[in-house]
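Bear in mind that the values in this text are calculations on the coordinates, not laboratory data. This one's a predicted model, so the numbers in the text were calculated from it and none came from an experiment. Don't worry about glycine lacking a Cβ; one is built from the backbone with ideal geometry, like all the others, and counts go over all protein chains shown.
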Amino acid sequence: MSVAVGRTSPRAQLGTQAPRIILGILGLVVVVWLAIKASQGGTTFIQVTLNGITTAALYFVVAAGFTLIFGLMRVVNMAHGSLYLFGGYVAYIAQTHWFGGGGSQFSLGGASTTSIAGFFVPLAFATLVIGLVGLGIQQLLLRWNQGQDLRQALITIAVSVIFADQMVAHYGGIVQSIQQPTSWPNSITIGALRYGFFRITVVLGSAIVIGVLLYLLFKHTRFGMTIRAGVDDRAMLSALGVNVQLVFAGAFFLGAMLAGFGGVLGGTMISVGPGLDTQFLLDALIVVIIGGMGSLVGAAIGALLLGLVQSYSAIYLHFGSLDLSNYGVMTSFILVIAVLAVRPLGLFGRAA
Amino acid sequence: MERLRRLPRGRLAVIPAVALCALWIAACGSSSSSTTKSAAASGTTTSSSGSKSAPANALKIGILSDCQGDFGAWYNSDIGGAQAYFIAHNGAKAKGPVPSDGITGGTIAGHPIDIVGYGCANDTAASALSEVRRLTEQDGAQVVIGPLSGDEGIAVANYSKTQPGKTFINGTSGAQDTTLKVRSPNFFRYNGDGAQWSAGVGDYAYKKLGWRNAVVVMDDYAFGWTSAAGFIADFCADGGTVTRVYPPLGTTDYSSYISQIPQKYDGLFSAVGGAGLLDFLKQYVQARGNFKKNTLAGNIFLGDPATIAAVHASDAGAVEGTSTNEDTTSPNASAYIAALKKAYPAKTNSLPAPGTLAGLASSVFTVNYYVAAWALDKALTAVHGDLSNGQAALHAALAKTALPDAPYGPVTLDENRQAIITNYIAQVSGTGVRTIYKVPGVTQTFGGTFSPTTPSPGRGQPVCQKRSLPWQGKEQAVSFH
Amino acid sequence: MSTVANTPTRSWPPRGAALLGWAVLAAVGVVLLLAPLIFDLFWLSQILTQALWLGIAAVSLTFLYRYGGMTSLAQVAIYGIAGFAMGNVVHTINSEGGLNLGWTPWLGVVFGIVVAVLLGLLFGAIASRSYGIYFLMITLALSLFVFYFFGQVTQLSGFGGIRSVSRPGYLGDPITHPSPLYYTCLGCSVAVYLLLRYMVRTPFGIALQGIRDDPGRMSSLGYHVALHRALAFALGAFVASIAGVLSVWFNTQISPGSINIQQTIAVLIIAVIGGLSRLEGAWIGALAYALIDYYARQHTPTLGLWLNPGRFATIIGVVFLLIVLLSPDGLIGIGTRVWALVTRRGREAEPGTAAAAPTAEATLEKAGTMATGGPPSSGRQEA
């Protein structure tokens, strides 16, 4: 049952155009539907859009580290979600132990207090610790398997299995929360709109700052140029006398730090608990599948698309009396298929 | 190429290590399979993990809990609950400071107690089935106490039908179907289901807090629906109306679902589970500001002592439905807590915060296993240790066993071998949980709202309609302060 | 690596080590056939039957990897689709979950497998233009989508799963009488094994292996690379769907928890532990997995929170890590090397076994370099 066809027939040409046309129509329908919804309930629409954007900001921070590591080393770090969650736990433990006295506990009445340092010291500490943990994984387990990317993926899967189990063992099944400084407001009001302060300032702000810094790092520093050169041609870089191993270690450290930093932001904006490692690994995967592996811009666009789609589909899948909101998960699926159908390597992916 | 040549040398070094592993497996395998084979032949199964030389008339008990998955942290809380009863009332002794170290000695109605093993499931039906089979078929347990969670309970109740000569006493699992629909003759549950644990809250909210329309936020799965069903049945029975919001299970970012909640409502009932509750409340406050006084109520998760450490609901006057009291001073509960303290005084990191069994006394994970052991002791004593004829006498006695002195209020069984319990309404605040009302005689059927033929609780079930419930307006004020 | 190397070289009549090999094989066969007489109910059911159906799930992955160069993490999702599809259409006692359309069990089996194969074809079409590590990521994402889908679309996944799914009458109650289900799983395992062995020698199978080794060249030769890969994926889906049906009969129920990420990883672990170089590895890995699972819950020493009977996942994770680090071709590879040590004298007479280890090694690295080099040009032309 051998199947052989001609390579480029006119029909194949049409075949490649068909998905684009279908997707164009589909995209148009979605935009029109959202426009209708936006005109019906302006405040809610803005709120839901902001939800999508702030969620996307968190996804971007996590996915940027993931795509950075992949871009340079071709390592798909399946333990990235574990690093994210572990970062949250490290910050939670640090906050409880060093700034304890109920400060780490969420309170509806706001009776407990957390100082500014009580938030930022655990944040910095956890970011650093996770960077070192990532560095350890790279040096101990991955360094001598360079180039065998499937084996490296399997190794990081094993690491994530062990991490997930140990985190349940040590921190239990209860969901915990990292406390933002008490002096910060819970929410801010702009006109008729009330929105979570932490989400819109710290999370969104961090994502923008990180995005800009990474961009500058890549484009305007020697380290960044070395990394970009490494992405294009590792052997040549090595031949030029650059210590490639040092560059790899630095990049892995940075990527892991971003996971840990994301974990602390997520642990404050949402929570820290079992299962989030898988969830954020999946989100990072989808973001980079959509955006293209190894592309920073792709990660930003992918995160934005995923965040908005998830946010809109959570509430705008009611069609009259027909409630499809529990099929919301399908929209992310359709998004991935749609992108892959047109661009198998993602929006900004390119063959190495 | 170079790597190819170098690798085998390194890999040869593995062989001894793997050989050791293989030997370990082989050794365990031969010892265990030989015991079970010979045991199966002789009819007196001995356990591979329990005591080596149990007397012939020993009562073999297996305790089934979760050691993995989201509830894995409560493994020792469950085991400790059951064993603390045997230690306090049957003369058993703890082997170590951690409950899973085991117990020695102790008799029930002349039968020496032999704990043959601890079931270690992971919150899925498949794992519970596998573990209960290990306990009964491999380790020869005659009585199983457990399991922990809802789906597991249904699986074990179904399994119990294939083992009519054995006895199954539920641990903490609270799915409604387990007893209402499966109705296995040798499966007994001395604790309430998820709906019973919410009983009275709706009535209280309507009559005392003056709610007329409520928002019910529930996890979109069995326990969320069941637990919300208890509130909805009560609240609608009085004439209230509800708006239901059901975020998918596993949601962490609730912001978009919070956008769905109407701006105007009298009160909000949260049937969001342990994992999502913190996320939900936190994001609600971010999006809408703090809850106004007396506008928040919730299911059992709002006040579980281990969860309360993470979630405070101070100053908002939040109320929860619960089957236990954290603040109790009643003699029955005091005796129970003293028994836990005596059996396992040491603080251990094998238990969730606060790290002592007595500190987890009001957790359903501890007390329900304790009550299960109590029911077993009482029923077996009543029939003078008669285990003959497929434990027929024990089954009959268990079905009739009432525990009027249970730690948190009397328990009796209905015709489906499901507990009729006392439920409580408690005020949750930053300083703890304060019990304010008790709801006696809560039945699983909610006065006919639920029956074996009605639809199981779901997104739209039960429908919101006026009806009469046995405990409407019969809540009694209590105060332990 | 040429495709010819996949065909084991055998000499007949067998001599020396080969004779020993056949004797071991015969002994295993006899033990498997007589298992209900040798093992008690629990072992027969929870260890052997479970290992057999898990092995079928894992062999679908081993096949895709070994002959198609596709490390698919969607196999659990596909067996879940088969299980849920069957569970929804057949009769369930007490109407416990699902659509409960009341079809006969065999019709349900056919329906489940057809649905799973069709969706497998769709998944294959989506993923088939991606290679190596991209393929793994996309199939992982697909797998998680399926899990979340059944977790959230409760009309199809029931009230806490679909329970008491009716089985064909001859199976009886698999808890009290596990033998019929055991023999069913054994028969299916043998049939699946023979089917896959047959398929890899057909022109389709040879072409598939060519595509695994060099998709660009195969495309130049006029082969439709993506279609071949999608069809191979559908064949893998067919095998996985059999495992799905058997798993539902074995557990008497299926719930979203049966196909969660842990199970997805478990099937990957099984295939890798057993050894990706040979199809048999899947069942060896499944048996090892079932044994570790069983013993870890009882015989694990307690070292504080780090290690105790609840830490099965840590143990299996460490085993998995060691295997990947030290013996990429798993227990099969270890066995091969032990075998080579034992029969060192007759090594010249045994070219097949001696070549097996480096072959497996080469395969793993092949897939690695393939992805490192990025998808070949053909992948882009079809886009």
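Counting only DSSP beta bridges with both residues in the protein assembly as shown, the antiparallel share comes to about 50 percent. Applying the Kirkwood pairwise sum to the alpha-carbon positions of segment B:163-280 produces a hydrodynamic radius of 15.5 angstrom. In this structure, residue B:349 and residue A:98 have a Cβ-Cβ separation that, at R0 = 25 Å, corresponds to a calculated FRET efficiency of about 0.80. Within the same chain, aspartates and glutamates fewer than 8 places from residue B:474 are excluded, and of the rest, those with a Cα less than 20 Å from its Cα are B:203, B:234, B:238, B:320.
Between residue A:222 and residue A:343, what FRET efficiency follows from the Cβ-Cβ distance if R0 is 45 Å, with the result rounded to 0.05?
Efficiency, rounded to the nearest 0.05: 0.90.
Residues C:241, C:189, arranged from fewest to most other Cβ atoms within 10 angstrom of their Cβ, appear as C:189, C:241. Placing a label point 7 Å from the Cα of residue C:195 along the Cα-to-Cβ direction, none of the residues of segment C:275-295 has a backbone N under 12 Å of that point. Convex hull volume of the Cα atoms of segment C:101-229, normalised per residue: 150 Å³.
Annotation for segment B:344-390 versus segment B:239-297: alpha-carbon center distance of 35 Å. A helix-only calculation puts the protein assembly as shown at -18000 deg cm²/dmol for mean residue ellipticity at 222 nm, using -39500 (n - 2.57) for each DSSP H run of at least four residues, averaged over all residues.
Kirkwood-based Rg over Rh for segment C:24-150 (C-alpha set), two decimals? Present the calculation step by step, with values, prior to reporting the outcome.
Details: Rg = 17.7 Å, Rh = 16.8 Å.
We get a ratio of 1.06 for segment C:24-150.
Spin-label model, residue A:23 to residue A:115: label points 7 Å out along the Cα-to-beta-carbon direction sit 5.3 nm apart.
Compared with the alpha-carbon gap, the fully stretched path from residue B:95 to residue B:400 is longer by 106.5 nm at 0.36 nm per residue. Two decimals is fine: what is log10 I(q)/I(0) at q = 0.19 Å⁻¹ for segment B:96-191, from a Debye sum with one equal scatterer on every Cα and no solvent? So the normalised log intensities work out to -0.89.
Taking amide hydrogens as placed 1.01 Å from N in the peptide plane, the amide H of residue B:216 sits under 5 Å from those of B:243, B:244, B:245, B:269, each at least 5 positions away in sequence or on another chain.
This ranking places A:67, B:329, A:113, C:252 by how few other beta-carbon atoms lie within 10 Å of each, fewest first, which gives B:329, A:113, C:252, A:67.
Each eigenvalue of the Cα gyration tensor of segment C:32-381, multiplied by 5 and square-rooted, gives one semi-axis; in descending order these are 32, 26, 20 Å.
Here residue C:170 and residue B:57 are evaluated by their C-beta separation; at R0 = 41 Å the FRET efficiency comes out at 0.50. Segment C:106-149 to segment A:167-238: how many Å between their Cα centroids? Between the Cα centre of segment C:106-149 and that of segment A:167-238, the gap is 33 Å. Under 1.5 on a/c is rounded, so check that first for segment A:255-352, then, if it is not, pick prolate when a/b is larger than b/c and oblate when it is not; a ≥ b ≥ c are the square roots of the alpha carbon gyration tensor eigenvalues. Here segment A:255-352 falls in the oblate category.
Binning the alpha carbon pair distances of segment A:42-276 at 10 angstrom intervals from zero yields the distribution 8, 30, 32, 20, 9, 2, 0, expressed in whole percent.
Here the peptides A:216-225, C:37-46, C:257-266 are ranked by packing, the mean other Cβ count within 10 Å, and the order with the highest first is C:257-266, C:37-46, A:216-225. Listing C:322, A:281 from fewest to most neighbouring C-beta atoms within 10 Å gives C:322, A:281. The length gained by stretching the chain between residue A:193 and residue A:324 to full extension, at 0.36 nm per residue less their Cα-Cα distance, is 44.5 nm. On a 0 to 90° scale, report how tilted helix B:14-42 is relative to the longest principal axis of chain B, with both axes built from alpha carbons and the result rounded to the nearest 10. Taking Cα atoms only, the helix is inclined about 90 degrees.
When 1/r is averaged over all different Cα pairs and the result inverted, which Kirkwood radius in Å belongs to chain B?
Numbers: mean 1/r = 0.0428 Å⁻¹.
Averaging 1/r across every pair of different Cα atoms and inverting gives 23.4 Å.
Cα centroid distance between segment C:70-99 and segment A:15-38, in Å? Segment C:70-99 and segment A:15-38 have Cα centres spaced 32 Å from each other.
Every Cα-Cα pair of segment C:204-285 was included, and the share exceeding 20 Å stands at 51 percent.
For the residues of C:194-205, the average number of beta carbons from a partner chain within 10 Å of their own beta carbon is 1. Ranking B:427, B:447, B:401 by how far each Cα lies toward the positive end of the dipole of segment B:389-466 (charges on Cβ) leaves B:427 at the top.
What's the average, rounded to a whole number, of partner chain beta-carbon atoms within 10 Å of each residue's beta-carbon in B:340-353? If you can, show how the numbers build up before the last one.
Working: counts 0, 0, 0, 0, 0, 0, 0, 0, 1, 4, 6, 1, 4, 2.
If you average over the peptide's residues, the count of other-chain Cβ atoms is 1.
Projecting label points 7 angstrom from Cα along Cα→Cβ for residue B:451 and residue B:466 puts them 2.2 nm apart. All C-alpha to C-alpha distances of the protein assembly as shown, sorted into 10 Å bins beginning at zero, yield P(r) values of 2, 10, 18, 23, 22, 15, 8, 2, 0, 0 percent in whole numbers.
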